[in-house]
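*Asks:* Dumping the structure here so I can ask a few things about it.
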Amino acid sequence: MTLDTWLVFLVAAIGLSFTPGPNGLLALTHGALYGARRTVFTVLGGALGFLIVIAVAMFGIGALLTVFPDLLVVLKWVGGAYLVYLGVMVWRAPAIAVAASTDRPTASRWSLFQQGLLAAVTNPKGILFFVAFLPQFIDPQRDLVVQFAIMASTFIVIEFVFELVVAALSQSLQPVLARAGRWFNRATGGLFVLIGVLLPWQL
């Protein structure tokens with residue numbers, strides 16, 4: 001993966017982290033309910049879940065490319081079309097909202113970890129997204145394992161930091177999301193449309 005490609009991936013991954021999704025909502029909810037320290041375990045579970053999902057998507061694509069080397073071009077165009085569709089859906093989505101409880105319940109660290117993990121691996125849209133997203137950045141001439149390590153670690157670090165910030169600011173973020181959440185959706189939705197339109201031509 002070249003530096004230019006990685007920088008584009010970095011921007012796209014940041015946009016993905018800001019997109020409304022089950023793990024972001026879970027971090028927001030758990031931050032409000034259990035506090036930021038306990039929500040670390042939710043975020044760790046989600047990080048492992050994303051690692052699994054990215055591995056399944058990327059090595060599944062890699063296995064297909066060994067049999068059908070020209071398939072990458074098709075995957076890029078189909079994936080680009082899906083990203084445009086997803087961008088439109090995100091653009092039109094309502095802002096994230098969660099009602100915080102004034103009585104803070106208790107939950108074990110393992111329970112929170114499991115919830116984060118399951119939120120990542122049981123969302124079929126997650127795998128579908130990465131199947132569409134990752135081919136835009138794969139270079140079939142380079143080592144797939146190295147590319148997986150770079151992309152997975154980049155995304156997971158970004159998502160981990162983002163979810164921790166969301167959890168820590170969960171109380172103060174909720175009124176902000178109520179006022180400006182639609183603009184966040186439009187910004188990230190527009191980013192996905194841009195990626196879906198431009199990257200199949202360029203990479």
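Where a number appears in this text, it was derived from the coordinates with a stated rule and is not lab data. Owing to the predicted nature of the structure, the values given are computational and were not obtained by experimental measurement. Cβ sites come from the backbone with ideal geometry, for glycine too, and all protein chains shown count toward neighbours.
*Asks:* When the Karplus curve 6.51 cos²θ - 1.76 cosθ + 1.60 is applied with θ = phi - 60°, which whole-Hz ³J(HN,Hα) does each residue of segment 24-34 get, with x for Gly and Pro?
*Replies:* Calculated HN-Hα couplings, in order: x, 5, 5, 4, 5, 5, 5, x, 6, 8, 10 Hz.
*Asks:* Now, a different point. How much FRET efficiency would the formula 1/(1 + (r/R0)^6) give for LEU71 and ALA187, where r is the Cβ-Cβ distance and R0 is 30 Å, rounded to 0.05?
*Replies:* After rounding to 0.05, the efficiency reads 0.40.
*Asks:* What full-extension length gain, to one decimal in nm, is calculated for TRP201 and ARG92 as 0.36 nm per residue of separation minus the Cα-Cα distance?
*Replies:* Extra length from TRP201 to ARG92 when fully extended: 36.6 nm.
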